[in-house]
Amino acid sequence: MANQAVESRGAELPQPAELKALVRLVLDEAKAGGASAAEAGISLEAGLSVTVRLGEVETLEYHRDRGVGVTVYVGQRKGSASTSDFAPQALRETVRAACDIARYTSEDDCAGLADAALMATAIPDLDLCHPWDIDAARGIEIARRCETAARDADARISNSEGATLSSHRGLRVYGNSHGFVAGYPSTRHSISCSVIAGRDAQMQRDDWYTVARRHEDLEAAEQVGRRAAERAVRRLGARRLSTCQVPVLFAADIATGLFRGFVGAIRGGALYRKSSFLLDHLGQQIFPDFVHVHEQPHLRGALGSTPFDGEGVATCARDLIADGVLQGYVLDSYSACKLGLQTTGNAGGVHNLMVDSGTLDFDGLLREMGTGLLVTELMGQGVNMVTGDYSRGAAGFWVENGVPQHPVEEITIAGNLKDMFKNLIAIGTDVEHRGNYRTGSVLIERMTVAGD
């Protein structure tokens, strides 16, 4: 019956109650098949994406994806299987496959569900679902306005990689044999634009985007286009630098990557495998004492908000860094077991990582830096999580006396993340809000810049 309700809605997403019924069916089948514990997740996603390039529609996509994943535990043996077919017979076959796999896998002392006492008992409304009643014609019109604004913004805009509008709606339900079954809908909308600026024989590209749960919170399409054009044009005339050691200012949207590196180093998987440069650093000074890094998973309408993690564990606000000192790790139940600790409710990652700002705005950070490098783009994956060694291709602007002088390109910035964290001078008030990590621009006291 539940499956018929799902199918009958066509383009509409079902209600959470319908998917909860399917999850319970899966869990009941797992128990009947001999599983000592089981968990299942069902997700449905639907949306529209349209790209306009040089005024013409380049792509128009309607997508609708769905899936069921089930994991069963037979004692300490684990088996997983998945399907996109919601028919009861298909679900039973998927559970049977997971049970068969479990019987042939090796025992693992840490295999199993998160503790029942940690399950979320209340599911607050976090204001995550705001569907956008938009059709293809309207999406094309908005994307075209965005690209037109970019191409008209400056005569030096010579080409375009297009403007894209995307509207996404999803519904996720998770349940396990502790009796926990819960789910919630969510939405995500975005507008982006990428253009190319040219002067003489030189060409530079750059982009801009806006993303939000509510389409009313998106930047205007024309503003996105103009911002993309401004960013591309300002890169014209880029030069290389001579190798030097100078202060480095990471623009806010780039600075988020520094804290992704930090979180990667305190994830349970890296810690129990002893492959992190922050191994055994709990309670130690990682950053200067003015740095405060914390999770806020229950921010209403935020892109990283969730009432429970991927194992049904209740999420809660907590400090990762207080007064510069490491307060806790990022653990799911498996890695917590490996480390002899308790899960931190981070199965699936962190939720709204917040880095508190100081008192300086972006211009204030430039003045504080004086002479040095402003980084606005990073390339490559040159980060060694075992040692913390950091080396990445970069582009940005050379700054003197707090004023950008000219764009730079084809350089490399290098250091070690432990040293970079300790030598963090200031965090700006220009907070990046377009994602799960929120931080202002970050000023590092000194790094090696390799050029000519």
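Any read-out appearing in this document is the output of simple, stated calculations on the displayed coordinates, not a laboratory observation. Note that the structure is predicted; figures quoted are calculated from it, not measured. Because the Cβ atoms are built from the backbone with ideal geometry, glycine has one as well, and the counts that use them run over all protein chains shown.
Summary of values
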| quantity | calculated |
| --- | --- |
| Kirkwood hydrodynamic radius of the chain, Cα pairs, Å | 24.3 Å |
| Sum of side-chain charges, Ala302 neighbourhood, beta-carbon under 12 Å (Lys, Arg +1; Asp, Glu -1) | +3 |
| Segment Phe290-Asp452, length gained on full extension (0.36 nm per residue, minus Cα span) | 54.7 nm |
| Local electrostatic count, Ile142, Cβ distance below 14 Å [Lys/Arg +1, Asp/Glu -1] | -4 |
| Environment charge of Val211, counting only residues whose C-beta is closer than 10 Å and scoring Lys/Arg +1, Asp/Glu -1 | +1 |
| Glu141-Val386 pseudo-label distance in nm [points 7 Å out on the Cα-to-Cβ vector] | 5.7 nm |
| Rotationally averaged projected area of region 297-345 (alpha carbon convex hull; nm²) | 4.0 nm² |
| Between 0 and 90°, nearest 10: helix 252-265 axis offset from the chain longest Cα axis | 50 degrees |
| Extension gain (nm, one decimal) between Arg367 and Ala322, 0.36 nm per residue minus Cα-Cα | 13.5 nm |
| Added length on full extension, which subtracts the Cα-Cα distance from 0.36 nm per residue, Glu56 to Glu93 | 8.7 nm |
| Protection-proxy order for peptides 404-412, 256-264, each taking the mean of Cβ atoms within 10 Å per residue, highest first | 256-264, 404-412 |
| Along principal axes, Cα extents of region 238-452, largest first, whole Å | 51, 36, 27 |
| In nm, spacing of pseudo-spin labels at Asp108 and Asp356 (7 Å Cα→C-beta vector) | 3.8 nm |
| Debye equation applied to the C-alpha atoms of region 112-236, log10 I(q)/I(0) at 0.11, 0.14 Å⁻¹ | -0.53, -0.68 |
| Modelled FRET efficiency - R0 25 Å, Ala32 with Ser84, Cβ distances, 0.05 increments | 0.65 |
| Label-to-label distance, nm, for residues given as Ala17 and Ser242 (7 Å Cα→Cβ offset) | 7.4 nm |
| Amide H within-cut-off set for Thr376, under 5 Å, with H built and near neighbours excluded | Ala395, Gly396, Phe397 |
| Distance histogram in 10 Å bins (all Cα pairs of region 223-365, percent per bin) | 10, 32, 30, 18, 9, 1 |
| Helix-derived mean residue ellipticity, 222 nm - over the chain, DSSP H n ≥ 4, -39500 (n - 2.57), to 500 | -7500 deg cm²/dmol |
| Cα pair distances of region 2-233 binned at 10 Å [whole percent] | 8, 25, 22, 18, 16, 10, 2, 0 |
| Protection proxy ranking of 163-173, 103-113 - average other beta-carbon atoms within 10 Å, highest first | 163-173, 103-113 |
| Cβ charges +1 (Lys, Arg) and -1 (Asp, Glu), total dipole of the chain, debye | 500 debye |
| Mean Cβ neighbour count within 10 Å, used as a protection proxy, ranking 281-288, 89-96, 44-51 highest first | 44-51, 89-96, 281-288 |
| Using alpha-carbon coordinates, inclination of helix 88-104 to the longest axis of the chain, degrees | 80 degrees |
| Cysteines (scope the chain) whose Cβ has no counterpart Cys Cβ under 4.7 Å | Cys99, Cys129, Cys146, Cys193, Cys244, Cys316 |
